[in-house]
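Engineer: Mind having a look at this structure? Questions to follow.
The values are calculated or read from the model by the stated rules, or taken from the named source; none is laboratory data. For clarity, every value in this text was computed on a predicted model and none was experimentally measured. Glycine gets a Cβ as well: all are built from the backbone with ideal geometry, and neighbour counts include every protein chain shown.
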Amino acid sequence: MRVIDFGQEECKKAADLLDAFLKNELSAETSQRIAEHVDKCETCSQEAKYRSELQERVQKALRQEMPDAGVEARLKARLRRKASNEYLLHWAAPLAAAAALVIGSFAVWQKMQPEQERWMTSTEDQRAYLESLYGQVANVIQIGLRDHVHCAYFRKFAETLPTMDEIVALVGGDYEELAPVVRDSVPEGFHILLGHQCGYAGRHYIHFALGREDDLMSVIITRKEGDESFDKDQLLPVLEAAGSPVYAATADQFETAAFDTENYFVFVISNLPREENLEVAGALTPRIRAFLDRASS
Amino acid sequence: MFFGRKSNLDEFEAEALPHWNDLYRAAVRQLKDEAKAEDVLQEAYLKAWKSFHQFERGTNCRAWLFRIMFNCIHDHRRHWFQTKVTTEPDDRLEAKYPYAPPIPQGLTDEEIIAAVQALPDTYREVVLLADVEEFSYKEIADVLRVPMGTVMSRLSRARKALRVKLAGVADSYGIGRAAMGGATGCE
């Protein structure tokens with residue numbers, strides 16, 4: 001490294017090199033000469049002190065970590081999704097096609113499986129992701145969203161479709177009428193991947209998960225607790241179906257449509273466009289409402 | 001071959017993800033918008049993942065990621081603001097810089113952040129990389145793809161501009177005026 005010749009303009013040269021000196025970027029010889037000059041020159045000594053303090057203050061002020069708010073979880077999700085897509089394109093898709101020639105039913109199943117991010121295998125990742133969603137929607141919407149994300153989005157479904165008898169058995173006799181209602185009200189191509197009663201965060205749900213190629217949908221019913229309501233969260237309905245106001249909300253890729261009866265909330269949550277998701281909710285509303293009203297009476 | 005690439009994702013994540021907060025912080029400061037910063041952060045990581053096979057193991061992954069991200073930031077600015085990011089701010093200001101005022105003690109972190117945020121983009125990025133992220137001049141030159149001399153001159157000008165801004169804040173409080181008035185430079 002070049003050694004600076006100081007000569008008569010020592011202060012000017014020292015000032016020019018002070019930043020590099022303080023960052024320890026100079027050669028040992030030049031650094032030594034600057035140090036000697038700063039020691040004997042009051043003005044340059046003050047300047048060095050100033051620059052050093054300024055750098056420390058700037059670093060302290062700007063080095064505060066940014067609040068996460070789900071940034072890391074979303075970043076991991078995007079990476080995994082990208083890696084997963086590449087994998088499917090380069091390897092798994094041709095393999096699945098080859099397998100389809102041998103085991104047709106397996107390939108059919110593969111098509112019915114929605115693309116999911118099962119990569120969030122740690123509870124911590126899942127919780128962070130869920131929390132990042134909560135900030136995007138009202139409390140009442142979170143009630144359904146958390147069950148969809150926890151129980152459908154992060155789930156690895158069985159490799160065979162359940163029969164209607166199996167679904168009814170898991171949903172329970174009191175709700176057996178719901179399974180065909182759900183099956184007949186969703187758009188063509190959707191299949192029930194799962195129907196059951198489940199619990200999350202201390203709450204009980206009737207949950208149907210449905211899949212169609214890359215689409216995943218949940219129809220979720222849960223009993224109201226306390227004074228929970230759409231009004232309380234100051235939500236405004238986006239449409240009315242069979243006399244019921246229907247509410248809508250978006251969090252990341254999830255579209256939620258929701259309505260209520262006297263005692264229940266009903267959620268339709270999917271990765272479909274809002275209009276399509278609302279259409280499903282609109283089709284389900286009269287039949288589910290009629291069933292729940294009968295159940296309440 | 002592709003199994004190898006898929007398994008590399010774990011290696012990439014282990015190597016690259018620990019730096020996400022440093023990158024995100026720099027992106028927020030440069031773009032002044034958290035949503036845009038998150039977009040750029042994701043874009044940078046996707047690009048890094050795509051070219052991870054070119055990354056030399058054992059070299060500075062953090063600097064490599066910053067280089068990719070600043071490239072994204074510059075592209076982003078060019079796209080949205082149609083600006084030429086290499087434009088140097090007006091050097092004539094330099095003559096007006098005061099010399100060696102003490103840092104007013106009453107300044108808050110928020111005021112320092114505001115002063116840094118008010119710097120021209122090309123100055124702010126060198127301050128962020130040098131003073132906040134503690135990269136060497138050579139690393140900064142590599143991240144920003146400019147000569148090392150440019151890094152040094154931008155940093156010097158950035159600090160002088162910052163000094164003027166902070167002195168202005170202090171002046172508005174009625175502090176630091178005496179020190180500034182009495183300061184004499186040796187430039």
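Engineer: Mind counting the residues in segment B:23-42 that are under 26 Å from B:Asn8 (Cα atoms) and either touching a Gly at 6+ places or on another chain (Cβ under 7 Å) or surrounded by fewer than 19 Cβ atoms within 10 Å (Cβ to Cβ) (or both)?
Structural biologist: Looking only at that region, the number is 1.
Engineer: Criterion first (charged (D, E, K, R) and not in a helix (DSSP H, G or I)) does A:Asp147 satisfy it?
Structural biologist: no
Engineer: Among what's in segment B:123-165 and is in a helix (DSSP H, G or I) and of a type in the set (Phe, Trp, Tyr), pick the residue that is nearest to A:Met66 (Cα to Cα).
Structural biologist: Only one residue fits best here, namely B:Tyr123.
Engineer: Can you find even one residue in segment A:38-49 that is among the small types (Gly, Ala, Ser) and free of Cβ contacts under 8 Å to residues at least 24 places away in the same chain?
Structural biologist: The answer is yes; a qualifying residue exists.
Engineer: Can you tell me which residue in segment A:168-188 is surrounded by the most Cβ atoms within 10 Å (Cβ to Cβ), limited to those that are over 30 Å from the mean Cα position of the chain (by Cα) and within 13 Å of A:Ile221 (Cβ to Cβ)?
Structural biologist: A:Tyr175
Engineer: At pLDDT 80 or above, within 16 Å of A:Ala209 (Cα to Cα) and either out of contact with any Phe, Trp or Tyr (no Cβ under 8 Å at 6 or more places or on another chain) or among the charged types (D, E, K, R) (or both): does that describe A:Ala158?
Structural biologist: no
Engineer: I would also like to ask the following. Just to check your reading of the model, which residue among A:Leu194, A:Leu236, A:Leu210 is among the aliphatic types (A, V, I, L, M), outside any helix (DSSP H, G or I) and out of contact with any His (no Cβ under 8 Å at 6 or more places or on another chain)?
Structural biologist: The unique qualifying residue is A:Leu236.
Engineer: Next question. Can you pull out every residue in segment B:13-39 that is within 7 Å of chain A (Cβ to nearest Cβ) and closer than 15 Å to A:Gln64 by Cα?
Structural biologist: Residues satisfying the conditions are B:Trp20, B:Asn21, B:Tyr24, B:Arg25, B:Val28, B:Arg29.
Engineer: Next question. Can you tell me how many residues within segment A:45-59 are surrounded by 13 or more Cβ atoms within 10 Å (Cβ to Cβ) and either basic (Lys, Arg) or within 7 Å of chain B (Cβ to nearest Cβ) (or both)?
Structural biologist: Residues that pass the stated criteria total 10.
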